Amino acid sequence: MLDLDKQAPVRAPQDRSPASGRSALLATGWARLLLGLLLPAALVLAWQLSTAAGLFSVVQLPPPAMVFEAAVDLLQRGELARHVAISTQRVLLGFAFGAALGLAFGALVGLSKVADVLLAPTIGALRAVPSLAWVPLLILWMKIGEDSKVTLIMIGAFFPVFTTVSLALRHVDKNLVEAGRAFGLKGLKLLTTVQLPAVVPSVFSGLRLALAQAWLFLVAAELIASSMGLGFLLTDSQNNGRTDRLLLAIVLLAVIGKITDAVLGIAEKWAVKRWA
Amino acid sequence: MTAVLSPGHAPARSARPGDAGSAALPVAFQGLRRTFGTGASAHTVLRDVDFEVRAGEVLAILGPSGCGKSTLLRATAGLDTPCAGSVTIGETPVAGIDSRCAVAFQEPRLLPWHTLQANIAIGLPKGTSAREGKAKVARLLELVGLAKFAKHRPREVSGGMAQRASLARALARNPAVLLLDEPFGALDALTRIKMQDLLLDVHRAEPTTVLLVTHDVDEALQLADRIIVLGKEPGREGDGATIIRTVEVPGPRPRDRGSAELARMRSSLLESLGVDGH
C-alpha cells in the first residue's frame, strides 16, 4: 500500500575516506599517543642538553638522570609507592564524595526554582572562597588527618559538577520534557527517563573538570599539613634542597593526573555515544 | 503493511485481537479563553471557544499562525490550563495531563538515546504488561512501516520515519482522543501525502476522535469530517481568536484530490484565512 520503507535512512557518514591520509593517521589511537609524547620527549631532551651544557647549577635544575635516580631510590625504600598511593586515595575519595554531592545539589537547583532561589546565592558565594582559605578552618575543625584533606578535595570537586549539572538541567530541551509529560511521566520517572539522560554528556564534562580540580586541591591540602603524599614530598624536598625529588613530584602529579583524566575521558566517550 | 491493513477496506476492530482500544470520546469546549501575561502586557489568544467534537470524527483546526490552534490542542491534552471555560472529554472535564489523550507534535520529539522501539513504548498506557506492551509496539512498528528500524536511534532515520515513530508512540496509548499538532508540517510534500494516507488507514482501523491542527487547507480537506477555522472576528481584532467558521467536508475518504467541489471549498476556506482564494 505505502512504500514507506523505500525512504533511505539518513546515517551520519563515517568520514574516513582513504584520500584524507593525514586525518586517518591522526584518528588511530596509537598514532595519537605517540604524537602526543613527541613534545614531552623534546622537553626531556632540552632538559638533558641544557644541564649537560652547564647552563644551570645542579640545585637549580638537576639532570633527568638524577631525577630518575631519586625515583629509584624512593621506590626501593618503599616511600614512593606510599606517597603515590595515599595521594591517589585522597583524590579519589574526595572526588567521589564531592561529585556525588555536586550531582545531588546540581539536580536540586537545576530542577526546582525554589531550591535555585534559596541555594544558588550561597553556593555561588562559597565557590568564590579560594581553596587555601579553607585549610586553617578545616584543620581547626578536623585536626590534621585524612578527614580534613579529603574534605578540602571534596570542596574542590563539588563545584564543577554542581555548576555543569544545574546549568545543563535548566537547558534540557523543553519540547522533550513536554512530550514526556504528555505521555504521563512526572517527578522521579520524568527525571530518570528524560532529564538525567539528556544531561549525561554535560555531567561527564563536569566530572572531568572536578577531577582536575581534585588534584589541585590535593596539593593545597598536602602542602600545608601532612606527613605523606606528593604534596608533602614537594614541601619536604624544598626544605631539604632536594630539587631532584621536587621535580619528581611534579612529573608524577602531571602523569597521574593525566592518566586519571584519560580514564574518565574514555568513560565520557562511551557515555556521549550512548546518550547523546 | 498490507498484511495489517488491506487497502480500501476498513478492517474490523476485531481484526486486532488483544487490542483493548479505548472507545472514541466526544470533546466539548465551553467558553474557552486563554490569555498570556498579565496587566498591560496581557494578550488574549483564544476567547469564547464553544464547540463539540463528535466521538470518532476527524476535526481539522485551521487558522493563521499565532491564532491559538496549538493552544486549543494543548488545553485538550491538559498541557495548558485555560483562563476561563473548560474542556470536557466524554463526561469528565480535563484537569491536568489527561491520559485519555495522546499527542503527536509538530516535531517528532523522540528521546535520542532510545531506539524507535523504546520510544514508542513510552506511549503505552500505565499498567500495560511487558509482554502485551512488546507485542503492541511490534504491531505499531509494522503499522507505520518501521519494523526493520525498530532498533535504530531517531538520529539514524529520516525525518519522515521519526515522525511516523512519533505517531506510533501516540497510538500506543490507545487514545480516546488523538491530538495532532501539525504533525506533517515539516515533511516534504511526498512524505506528507504518505503520512496522510497512513493516518486515514489508522483511523479506519481504530476510529478514535482526532483533532488535527494544520495550516494546510488541502490537508484539512483530505482528512477531516469537519473543519473549524480560528481567527479574529471583524471589528474585534484586538481580542483573541475564536471559531469564525465551521465546515462539513462532504464525501467519504480517501477523497479525490482533484475534485471540483473540494477546489471550491478550498478557495472559500483560503478566503476565510485572509488569502485571496481565486
> What net charge is computed for the residues neighbouring B:Leu200, neighbours being all others with C-beta under 12 Å from the C-beta of B:Leu200, Lys and Arg scored +1, Asp and Glu -1?
Replying inline: -1
> On a 0 to 90 degree scale, rounded to 10, what angle separates helix B:130-143 from the longest Cα axis of chain B?
Replying inline: 70 degrees
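Can you bin chain A into rounded, prolate or oblate? Criterion: square roots of the alpha carbon gyration tensor eigenvalues sorted a ≥ b ≥ c, rounded for a/c under 1.5, prolate for a/b above b/c, oblate for the rest.
oblate
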>> Taking the 0 to 90 degree range and rounding to the nearest ten, how far is the long axis of helix A:243-275 tilted relative to the main principal axis of chain A, both from C-alpha atoms?
In response: 10 degrees
> Where Lys and Arg each count +1 and Asp and Glu each count -1, what net charge lies around A:His171 among other residues with Cβ under 15 Å from its Cβ?
Replying inline: 0
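For a footprinting-style exposure proxy, rank A:Thr122, B:Thr44 by other Cβ within 10 Å, fewest first. Numbers along the way, then the final one.
Values: A:Thr122 9, B:Thr44 17.
Listed from fewest to most nearby Cβ atoms, that is A:Thr122, B:Thr44.
First select every other residue whose beta carbon is under 13 angstrom from the beta carbon of B:Thr246; then total the charges, Lys and Arg +1, Asp and Glu -1. Each step should come with its number before you reach the end.
Numbers: positive: B:Arg54, B:Arg226, B:Arg245; negative: B:Asp50, B:Glu52, B:Glu57, B:Asp225, B:Glu248.
Around B:Thr246, the charge tally is -2.
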> Considering lysine pairs in segment A:58-275 that are 8 or more places apart or on different chains, how many have Cα atoms under 26 Å apart?
Replying inline: 12
> Looking only at A:Gly265, A:Gly124, A:Gly102, which one moves most when chain A is put into a Gaussian network model with springs between Cα atoms under 10 Å?
Replying inline: A:Gly124
>> At 222 nm, what value in deg cm²/dmol follows for the protein assembly as shown if DSSP H runs of at least 4 each add -39500 (n - 2.57) and the sum is divided by all its residues, to the nearest 500?
In response: -17500 deg cm²/dmol
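Take a quick pass over chain B and tell me how many lysine pairs come in under 20 angstrom between Cα atoms, counting only ones 8 or more apart or on separate chains.
8
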> To the nearest 10 degrees, how steeply does helix A:131-142 sit against the main Cα axis of chain A, on a 0 to 90 scale?
Replying inline: 80 degrees
>> Please check: in the Gaussian network model of chain B (C-alpha springs, under 10 Å), which one of B:Ser41, B:Ser166, B:Ser259 has the largest mean-square fluctuation.
In response: B:Ser41
> Which shape class applies to the protein assembly as shown: rounded if a/c is under 1.5, otherwise prolate when a/b exceeds b/c and oblate if not, where a ≥ b ≥ c are the square roots of the Cα gyration tensor eigenvalues?
Replying inline: prolate
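All of the numbers you see were taken from the coordinates with simple rules; none came from a lab. This is a predicted model, so every value here is computed, not measured. So basically every Cβ, Gly included, is an ideal-geometry build from the backbone, and we count neighbours across all protein chains shown.
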